[in-house]
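Asks: Have a look at this one before I ask anything.
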Amino acid sequence: MSTYPIPDNEAERQAALEEQHILDTESDEDFNRITRLASQMLGVPTALISLVDRQRQWFLSRVGLEATETPRDLAFCAHAICSDEVMVVNDATEDERFKDNPMVTGNPHIRFYAGVPLQTRSGFNLGTLCVISPQPRQLAAHEHQLLQDLAGMVLHHMESRRNSYRCTLTGLQNRRPFYEAGQREFQRARQSGEPLTLMLFGLDEFPGFCRRFGQQHGDRVLQEVARQLQTDFGQGALYARVSEDEFAVLDTGPEGQQTVALAEAVRSALSVQGWMVEGVRLLLPLSLGTACLSAADSGFKDLFRRAEAALKQARLHGTTLPG
């Protein structure tokens, strides 16, 4: 079996895949409908939405296959993403690339394969929509078009999902993807023993500010807060707008108390500097709740819950509180 090829734009392609925030997520019925349709309409037992990761292909959706992922060096899709055309293998036992592949010589005994690259608007092939059969066959012209149409549906759902993961106003992650990324960072910190600090910043009296001065000025405040947080905490942190007037920063760098001290300095500076509205500088104070990873935390949800409780108390008392 030959070694799988590497796309010329592999580094950029991998980055585009990771930006989708979709690897290792739970099953989504929108994608499952597409694989069921592909299987039924082409009369094959197996249909997959395969995303080609660094060393594996991971199945976003699957019909007729138990495995959730396979090594990249066994993946037909690793070959398919190197072209913008539909890749068709009529009989894998007669194809030099695949005839010795364990997935051909053993279960699931692949003979026929057809895969459509899932290409983003920027031109990166993230993976494929593919169909597989243990019987040799060919792909008819109308089936060729059908697969391409279904692949277009996959990309549409992926784009919609990605857009829903971002706050369109600030460009930060929304609550759900931040929570998922936080859980991954929690597991990594547990294994490495490194510190992990969650900070929640709340704009006090923000609804009243918007009612008085207008939503346009409120939107500008949100954008400026988002920019300032990213400037102060740098590229190593994770950011999100987790509610209408709350921002989250997850810092995986310095020891917790150093990060908390920086967070308080940022909160104080933003509160003091105020916001220019029609030539007048207005104060809009922020509250801050923090939580540092502890041995008692069983998951990121515990860290988030403590930070939320600390922010709630800080808003009641007008101060910064740890969780």
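The values are calculated or read from the model by the stated rules, or taken from the named source; none is laboratory data. Predicted, not measured: the structure shown is a model, and the values here were computed from it. As a convention, Cβ positions derive from the backbone with ideal geometry for all residues, glycine included, and neighbour counts pool all protein chains shown.
Asks: Do you know which residues across segment 263-288 are closer than 28 Å to Leu196 by Cα and surrounded by 18 or more Cβ atoms within 10 Å (Cβ to Cβ)?
Replies: Residues satisfying the conditions are Ala263, Val266, Arg267, Leu270, Leu286, Ser287, Leu288.
Asks: Specify which of the listed residues (Leu284, Leu288, Leu250) is closer than 20 Å to Arg220 by Cβ and in contact with a Ser or Thr (Cβ under 9 Å, 6 or more places away or on another chain).
Replies: Leu284
Asks: If the Cβ limit is 9 Å and pairs must be 6+ apart or interchain, which residue in segment 121-144 that is outside the structural domain of Ala80 (by TED's automatic domain parsing) and aliphatic (A, V, I, L, M) pairs with which residue that is modelled with pLDDT of 95 or more and surrounded by fewer than 22 Cβ atoms within 10 Å (Cβ to Cβ)?
Replies: none
Asks: So how many residues does segment 89-132 have that are surrounded by fewer than 20 Cβ atoms within 10 Å (Cβ to Cβ), of a type in the set (Gly, Ala, Ser) and on the phi < 0 side of the Ramachandran plot?
Replies: Residues in segment 89-132 being surrounded by fewer than 20 Cβ atoms within 10 Å (Cβ to Cβ), of a type in the set (Gly, Ala, Ser) and on the phi < 0 side of the Ramachandran plot: 2 in total.
Asks: Looking for whichever is crowded, with 18+ Cβ neighbours inside 10 Å, charged (D, E, K, R), outside the structural domain of Glu26 (by TED's automatic domain parsing) and under 22 Å from Val260 (Cβ atoms) here; the options are Glu185, Glu194. Which one fits?
Replies: On the way: Glu194 fails: crowded, with 18+ Cβ neighbours inside 10 Å.
From the options Glu185, Glu194, the qualifying one is Glu185.
Asks: If we scan segment 48-55, do we find a residue that is closer than 19 Å to Leu37 by Cα, out of contact with any Phe, Trp or Tyr (no Cβ under 8 Å at 6 or more places or on another chain) and not aliphatic (A, V, I, L, M)?
Replies: Within segment 48-55, not a single residue is closer than 19 Å to Leu37 by Cα, out of contact with any Phe, Trp or Tyr (no Cβ under 8 Å at 6 or more places or on another chain) and not aliphatic (A, V, I, L, M).
Asks: Confirm whether Glu69 is free of Cβ contacts under 8 Å to residues at least 60 places away in the same chain and either at positive phi or in the same structural domain as Gln138 (by TED's automatic domain parsing) (or both).
Replies: Yes.
Asks: Please enumerate the residues belonging to segment 158-188 that are assigned to a loop (DSSP other than H, G, I, E, B) and in contact with a Cys (Cβ under 9 Å, 6 or more places away or on another chain). It would help to see each step written out before you state the result.
Replies: At the first step, the residues of segment 158-188 found to be assigned to a loop (DSSP other than H, G, I, E, B) are 165, 167-172, 174.
Within segment 158-188, Asn174 is the sole residue that qualifies.
Asks: Now, a different point. So which residues in segment 12-57 are in contact (Cβ under 8 Å) with a residue 40 or more places away in the chain, under 14 Å from the mean Cα position of the chain (by Cα) and not in a loop (DSSP other than H, G, I, E, B)?
Replies: Gln14, Ala16, Leu17, Leu51 - these are the residues of segment 12-57 that are in contact (Cβ under 8 Å) with a residue 40 or more places away in the chain, under 14 Å from the mean Cα position of the chain (by Cα) and not in a loop (DSSP other than H, G, I, E, B).
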